[in-house]
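Engineer: Could you have a look at this structure, given as structure tokens, before my questions?
The values are calculated or read from the model by the stated rules, or taken from the named source; none is laboratory data. Quick caveat: nothing in here was measured; it's all calculated off a predicted structure. Cβ placement follows ideal geometry from the backbone for every residue including glycine, while neighbour counts extend to all protein chains displayed.
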Amino acid sequence: MTIGSLLVLLVYGFVFTWLTIPRIAEVVRRYKIFRKASDRDLHWRFVPKLTGLSFYVALLVVAFAFVPFVDVKRLILVLGAGAIVVYVGIRDDIYQLRPIVKLLLQIVAIAFFTFEDDLVVRNLHGFVNIYELPVGVDYFLTFFVGVFMINAFNLCDGIDGLAAMLGIVMFVCYGSIFYIVGDYLFLSFCVILIGCLFAFLRFNLSHKNKVFMGDTGSLFLGFMFYLFTMYFVTDDSVILSVFVPHKSLLALAALCIFIVPILDSGSVFFSRVWHGKSPFLPDNNHVHHLVLHFTKNHVMASLLIIAGLTATLMLFSQLAFTLAHEVTTIVFLIYLFFWYIVLFFIRRRVRKERFR
């Protein structure tokens, strides 16, 4: 695939989203398709959601142009499973779908690839000294990772610009990987979605015509990241040595790319348990809320988080080729634990300041 082709796909994603978001927002406003605001919403006025639907439709519109060049079965699976996730998002944006229903439908979407494409993590290649996984554990881990990634990315969509900026950086990472390994279907999807997210930022950061991607967009993006991660960590291509010098670092590379949702969801979960609250009860103590507390500006808070993600990717990209793979893994786990401790004390400080 040439650079020219990639530029065409990038421009297509940008233009398509630029043109469709105002139309979707107009329909939402005209027919008052708004869910009742919750206590954790940071915007008091009604802002159109559902505009994340344009991400899926952008892929759907050009999907059949890929048929002569890609694995048609995988293309159909992406569109079919993606439609289920988008349906969950739309329903949740309008009616606040029950958690158990959301979970079951997400499991169905994941099952498309688990059973139809045998996309299962069966070997960690020595990551934290784990190799072949027992039968049953491999399927449990696969479904757990899927549900976690879909919902963890959704929880990061809490301030203006953050989910889109995170998405752009993460799609660039996976796009680079798929370019090297020659996976042109997923590379095309990455490039189109990068264009979509750049166009979305123009509206999401607007004061006059602001829109949100809603669960429709964030759940779909989380699902795409799950697929990309699974194909990456289960790929046996020797070409991956360009990115990781040892197979045990495949999982570590995926964790680095997804580190912001991991830190956010994990630290929030343990914080709620520590304070005797339900770990599933929504609140305003996510990482982006904490950064926003100090910056008082959505864009600045989002940029600081993106800077942290970029620094992490650069750091461990260097360490992977400098240290032994076992040492790199230990350093990463210490790094992760360090940030959980830091976030614990930041939350405690913010909580005190809020109740003064």
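Engineer: Could you tell me whether segment 64-79 includes any residue that is assigned to a helix (DSSP H, G or I), touching an Asp or Glu at 6+ places or on another chain (Cβ under 7 Å), crowded, with 16+ Cβ neighbours inside 10 Å and among the aliphatic types (A, V, I, L, M)?
Structural biologist: Yes: one or more hits.
Engineer: Just to verify a result, which residue in segment 112-121, among those that are in contact (Cβ under 8 Å) with a residue 24 or more places away in the chain and out of contact with any Gly (no Cβ under 9 Å at 6 or more places or on another chain), is farthest from Val88 (Cα to Cα)? Break it down into steps so the answer makes sense when it comes.
Structural biologist: Within segment 112-121, the subset in contact (Cβ under 8 Å) with a residue 24 or more places away in the chain is 112-114, 116-117, 119-121.
Those still in the list that are out of contact with any Gly (no Cβ under 9 Å at 6 or more places or on another chain) too: 116-117, 119-121.
Details: Glu116: 21, Asp117: 22, Leu119: 22, Val120: 23, Val121: 25 Å.
Result: Val121.
Engineer: Let me ask something else about it. Which ones in segment 192-218 are of a type in the set (A, V, I, L, M) and more than 15 Å from the chain's Cα centre (by Cα)? Reasoning before the result, please.
Structural biologist: Quick first cut of segment 192-218, residues of a type in the set (A, V, I, L, M) only: 192-194, 197, 199, 201, 205, 211, 213.
Matches in segment 192-218: Ile192, Ala199, Leu201, Leu205, Val211.
Engineer: Does Phe148 satisfy being surrounded by 13 or more Cβ atoms within 10 Å (Cβ to Cβ) and within 16 Å of the chain's Cα centre (by Cα)? Don't jump to the end; show me each part of the working.
Structural biologist: On the way: surrounded by 13 or more Cβ atoms within 10 Å (Cβ to Cβ): yes; within 16 Å of the chain's Cα centre (by Cα): yes.
So Phe148 passes the test.
Engineer: Output the residue which, of all residues in segment 318-352 that are hydroxyl-bearing (Ser, Thr, Tyr) and surrounded by 12 or more Cβ atoms within 10 Å (Cβ to Cβ), is farthest from Ile130 (Cα to Cα).
Structural biologist: In the first step, residues of segment 318-352 are kept if they are hydroxyl-bearing (Ser, Thr, Tyr); the result is 322, 328-329, 335, 340.
Restricting the remaining residues to those that are surrounded by 12 or more Cβ atoms within 10 Å (Cβ to Cβ) gives 328-329, 335, 340.
On the way: Thr328: 15, Thr329: 12, Tyr335: 20, Tyr340: 24 Å.
So the residue we want is Tyr340.
Engineer: Restricting attention to segment 236-254, does a residue exist that is touching a residue at least 12 places away in the same chain (Cβ under 8 Å) and of a type in the set (Asp, Glu)? Outline the logic, then answer.
Structural biologist: Going through segment 236-254, the residues touching a residue at least 12 places away in the same chain (Cβ under 8 Å) turn out to be 237, 239-240, 242-254.
Narrowing further to those that are of a type in the set (Asp, Glu): none.
The answer is no; no qualifying residue exists.
Engineer: Shifting gears a bit: Take segment 305-330 and flag every residue that is touching a helix residue (DSSP H, G or I) at 6+ places or on another chain (Cβ under 7 Å) and either in contact (Cβ under 8 Å) with a residue 24 or more places away in the chain or within 13 Å of Val169 (Cβ to Cβ) (or both).
Structural biologist: Ile305, Ile306, Leu309, Thr310, Thr312, Leu313, Phe316, Ala320, His325, Thr328, Thr329
Engineer: Another question, if that's okay. Look at Gly4 and say whether it is at pLDDT 95 or above, surrounded by fewer than 16 Cβ atoms within 10 Å (Cβ to Cβ) and over 19 Å from Ala163 (Cα atoms). Walk me through it before giving the result.
Structural biologist: On the way: at pLDDT 95 or above: no; surrounded by fewer than 16 Cβ atoms within 10 Å (Cβ to Cβ): yes; over 19 Å from Ala163 (Cα atoms): yes.
Answer is no for this residue.
Engineer: Further question: Looking only at segment 256-269, how many residues end up being in contact with a Ser or Thr (Cβ under 9 Å, 6 or more places away or on another chain) and either assigned to a helix (DSSP H, G or I) or free of Cβ contacts under 8 Å to residues at least 40 places away in the same chain (or both)? Before you say what the answer is, go through the steps one by one.
Structural biologist: From segment 256-269, those in contact with a Ser or Thr (Cβ under 9 Å, 6 or more places away or on another chain) are 256-260; that's our starting set.
Still in the running and either assigned to a helix (DSSP H, G or I) or free of Cβ contacts under 8 Å to residues at least 40 places away in the same chain (or both): 256-257, 259-260.
Matching residues across segment 256-269 total 4.
Engineer: Output the qualifying pairs, or none if there are none: Cβ atoms under 9 angstrom, residues six or more apart or on different chains, first residue in segment 270-281 and closer than 12 Å to Arg347 by Cβ, second residue aliphatic (A, V, I, L, M).
Structural biologist: Close Cβ pairs satisfying both conditions: Ser271/Leu343; Arg272/Leu281.
Engineer: Restricting the first residue to segment 331-356 and requiring it to be closer than 30 Å to Phe321 by Cα and of a type outside the set (D, E, K, R), which pairs with a second residue that is part of a helix (DSSP H, G or I) and at pLDDT below 90 meet a Cβ separation below 8 Å and a spacing of at least six or different chains?
Structural biologist: Final answer for the pair search is Tyr340/Phe270; Leu343/Ser271.
Engineer: Here's another thing I want to ask about it. Just to check your reading of the model, which residue among Val86, Val135, Val145, Val128 is in contact with a helix residue (DSSP H, G or I) (Cβ under 6 Å, 6 or more places away or on another chain) and not aromatic (Phe, Trp, Tyr)? Steps first, answer last, please.
Structural biologist: Working: Val135 fails: in contact with a helix residue (DSSP H, G or I) (Cβ under 6 Å, 6 or more places away or on another chain); Val145 fails: in contact with a helix residue (DSSP H, G or I) (Cβ under 6 Å, 6 or more places away or on another chain); Val128 fails: in contact with a helix residue (DSSP H, G or I) (Cβ under 6 Å, 6 or more places away or on another chain).
Checking each option against the conditions leaves just Val86.
Engineer: Within segment 174-199, track down each residue that is of a type in the set (A, V, I, L, M, F, W, C) and closer than 13 Å to Met224 by Cα.
Structural biologist: Leu185, Phe186, Leu187, Phe189, Cys190, Val191, Ile192, Leu193, Ile194 - these are the residues of segment 174-199 that are of a type in the set (A, V, I, L, M, F, W, C) and closer than 13 Å to Met224 by Cα.
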